[in-house]
Amino acid sequence: ERLAALVRLAEHIGRAEMPTPSLVSISIFDTAARHVELFQDKFSEEDRRVLAEALDRLPDEDPFRLLAGVRTDAAISAQRLANQIRTRDVSDWTLEGTGLDGALASVKAESESALGNTRTARLARARLIRDAMRIAEVGEKYAEVWGNPAAIDAMYDELEAGDYGVFARSMAGVYGKLSQVDTEARAKLNALRAWASGETETLELPERNRR
């Protein structure tokens, strides 16, 4: 019952549909799954039934809401950053509270240099605003290839090449790593569901992919 409660907590936290809560949700779920694997011989049929009911609360399409979180994160980041480019100095740009704040630091110097030239600053600011708004497009593109490692790698190459602007290039690896985390968590969820429902007799959680 305690482990089922952890699963229910993971589902509740994931409802925020932002990357950080979704990652917390996955972490809590992983803790529960590992404990079930370790102590599976102690579970009665009733224990498995209660666990199966808790697992059913996780939606099939996006169990930890990480995909929804990435799309929300990208849309919010795009709008916030575009507004800050219009009204703030480069040093004051921030995406705190989103999954992209760390990546933003890597392009601040480049942006400051572009805006420092008084003859071209107006055009540079317009270009940076356009590039910022493309972050939302990147979020939608990642949603299209979510869970597909080959397509994620191809997307990474496009971002690195600058096809989606300077900000997307600096953030190329962030959402791809989140997709991998989500894929691994879903594989554990599928294994746990199969065991809890009686489809499999022994629970063996898949190992983490080190790619």
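Tell me which lysines have Cα within less than 21 Å of K177's Cα, excluding those fewer than 8 residues away on the same chain?
The qualifying lysines are K141, K188.
Rounded to whole Hz and in sequence order, give me ³J(HN,Hα) for region 59-74 from the Karplus expression 6.51 cos²θ - 1.76 cosθ + 1.60, θ = phi - 60°, writing x for Gly and Pro.
With coefficients 6.51, -1.76 and 1.60, one gets x, 5, 5, 8, x, 10, 6, 6, 4, 4, x, 5, 5, 5, 4, 5 Hz.
Top mean-square fluctuation among T120, T183, T72, Gaussian network model of the chain, C-alpha springs under 10 Å?
Fluctuation is largest for T120.
I'm spelling it out carefully: the read-out is P(r) over Cα pairs in 10 Å bins from 0, in percent, the candidates are (i) 8, 31, 37, 19, 4, 0; (ii) 8, 31, 26, 17, 11, 5, 1, 0; (iii) 7, 26, 32, 23, 9, 2, 0, and one was derived from this structure. Which label?
Label (ii) holds the value from this structure.
Which residue, A74, A33, A150, tops the fluctuation ranking in a GNM of the chain built on C-alpha contacts under 10 Å?
A150
At 222 nm, what value in deg cm²/dmol follows for the chain if DSSP H runs of at least 4 each add -39500 (n - 2.57) and the sum is divided by all its residues, to the nearest 500?
Theoretical 222 nm ellipticity from helices: -23500 deg cm²/dmol.
Per-residue HN-Hα couplings for region 7-20, Karplus 6.51 cos²θ - 1.76 cosθ + 1.60 at θ = phi - 60°, whole Hz, x for Gly and Pro?
4, 5, 5, 4, 5, 5, 5, x, 5, 5, 6, 9, x, 5
Relative contact order for region 109-211: what percent, with Cα pairs under 8 Å and sequence separation of 6 or more?
19
Residue by residue, what Karplus-based ³J(HN,Hα) values in Hz, rounded to whole numbers, does region 32-45 have, using 6.51, -1.76 and 1.60 with θ = phi - 60° and x for Gly and Pro?
Couplings: 4, 4, 5, 5, 4, 4, 5, 10, 4, 6, 8, 7, 8, 4 Hz.
Can you list the equivalent-ellipsoid semi-axes of region 97-211, largest first and in whole Å, using the square root of 5 times each Cα gyration tensor eigenvalue?
For region 97-211, the ellipsoid semi-axes come out as 40, 12, 11 Å.
Round to a whole number: what % of the accessible area of the chain belongs to carbon and sulfur, probe 1.4 Å?
49
Let me check against my output: what whole-number percent is the relative contact order of the chain, with C-alpha pairs under 8 Å and at least 6 apart?
Over the chain, the number comes to 23 percent.
The values are calculated or read from the model by the stated rules, or taken from the named source; none is laboratory data. Source: prediction; values computed, not measured. Quick note on the areas: whole protein, heavy atoms, side chains included, nothing else; ligands and nucleic acids left out. Shrake-Rupley method; radii C 1.70, N 1.55, O 1.52, S 1.80 Å.
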